[in-house]
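Down below is the structure, laid out as C-alpha cells.
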Amino acid sequence: MIAAENLVKVYRDRKRGDVRAVDGVSFSVQAGEIFGLLGANGAGKTTTLRMLGTLLQPTDGTAYVAGFDVRLEPENVRANIGFLSTTTALYGRLTVREMVEYFGRLHGLDSATLRTRIENIFTTLDMHDFAKARCDTLSTGQKQRTSIARSIIHEPPVMIFDEPTTGLDVMTSRTIVGFIRRCRDEGRTVVFSTHIMSEAERLCDRIGIIHAGRLVAVGTLAELRHQTGATFLEDVFLRLVAPDDPDN
Ligand SMILES: Nc1ncnc2c1ncn2[C@@H]1O[C@H](COP(=O)(O)OP(=O)(O)OP(=O)(O)O)[C@@H](O)[C@H]1O
C-alpha cells in the first residue's frame, strides 16, 4: 500500500547550504498494518511523510501510495490518503461540524453519506460535545480531533499522521491511539511519526528508526530487540542511533 523507494530530500537553505533532510529512505507498509517512524527532532520524519503525502517533491527516489507514484500521479495519491500534519489548518469561523462537512463536500460526498460518516467519526473521536463550537474556540486536543476528522472524512485506505498525539493529554492521546488501532483493524494502512517511545511500543506493528535522514533499522519490536540486545525501546533506539556511546 505504501512503498518508499530511496527517497531523498535536499533543502536548499540560504544560511545552512544544502540540507540533506532525507537521505535514501526505503520501506513498505501493508494494508492492515501500523508503521511508525520513530526519530529525534530533526531526524527527517516530517519531510518523509510530506513526500508520501505529495506536499513536497522528492529530490530523488519516489514512493508509491495506494498504487500511485507520488511524483507522477499526485492527485490520485491525494484522493486515497488522509494526511494529518502538525500544521493542518482549521477555519476559525466555522464550527467543528461545518469544518468537517466542508472537507467532505470537497471530496464530493452527498448530504446523507456525510451525515452518517460525521456521526460515526464524532462518536469514535468523542467529538459530539464540541461539534457546534467554533474552531477558534477549541482546546489543543479538540483541534487535533477536528483535524483528524477532516482528514479522514473521505474514508481513505491510507492514513499518514505526523506526530498525532504530540502535546495532547493522556485522555485525548488514548482516544487517538484507539482510533488508529481501529483504522488498522478495518484494513487501512497507517503510517505515523513520533518521538514518543511508549506510543511506538504500544501501537506499531513495525517500527522504522530514522536518524539524520536515514532509516537505521526497520522491524517489529521483537526484531529490533533481538538486533540490539536491548529490552526497552528507548535502549533499542539509543543503541541504534548512537552505537558508539558507551552508556548505551
Ligand atoms: N524548509 C526547510 N528548509 C531547510 N531545512 C529544512 C526545512 N524543513 C526541514 N529542514 C531541515 O531538515 C531536517 C529534517 O527536518 P524534519 O522536520 O523532517 O525532521 P523531524 O524528524 O520531523 O523533526 P521534528 O520531530 O522536530 O518535527 C532538519 O535538519 C530541519 O532543520
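Listed values for segment 64-70 are Karplus-derived 3J(HN,Hα) couplings in whole Hz (6.51 cos²θ - 1.76 cosθ + 1.60, θ = phi - 60°), namely 10, 10, 6, x, 10, 7, 4, and x replaces Gly and Pro.
The fraction of accessible area contributed by carbon and sulfur in segment 89-155 is 45 percent, rounded to a whole number (1.4 Å probe; ligands and nucleic acids excluded). Here the Gaussian network model covers the chain, with springs between Cα atoms less than 10 Å apart; of THR165, THR48, THR86, THR86 fluctuates the most. Averaged over its residues, the chain has an accessible area of 49 Å² per residue, based on protein heavy atoms and a 1.4 Å probe.
Among ARG182, ARG202, ARG225, the largest mean-square fluctuation in a Gaussian network model of the chain (Cα springs under 10 Å) belongs to ARG202. Every helix of 4 or more DSSP H residues in the chain counts as -39500 (n - 2.57), and over all residues that averages to -11000 deg cm²/dmol at 222 nm.
With q set to 0.09, 0.10, 0.14, 0.16 Å⁻¹, the log10 of I(q)/I(0) for the chain, from the Debye formula over equal scatterers at the Cα positions, is -0.40, -0.49, -0.94, -1.19. For segment 1-45, trypsin sites (Lys or Arg not before Pro) are listed when DSSP marks them as loop and at most 15 other Cβ atoms sit within 10 Å of their Cβ; the list is ARG14, LYS15, ARG16.
Straight-line cross-link reach from LYS45 at under 27 Å between alpha-carbon atoms covers these lysines, not counting any fewer than eight positions away in the same chain: LYS9, LYS15, LYS143.
Of the residues PHE35, PHE192, PHE237, the one that moves most in a GNM of the chain with alpha-carbon contacts below 10 Å is PHE237. Compared with the dominant Cα axis of the chain, that is its longest principal axis, helix 111-124 is turned about 50°.
The values are calculated or read from the model by the stated rules, or taken from the named source; none is laboratory data. What you see is a predicted model, and the numbers here were worked out from it, not measured in a lab. Quick reminder, even Gly has a Cβ in these numbers, built from the backbone with ideal geometry, and neighbours come from all protein chains shown. In case anyone asks, the SASA skips ligands and DNA or RNA and just uses the protein heavy atoms, side chains included. Shrake-Rupley method; radii C 1.70, N 1.55, O 1.52, S 1.80 Å.
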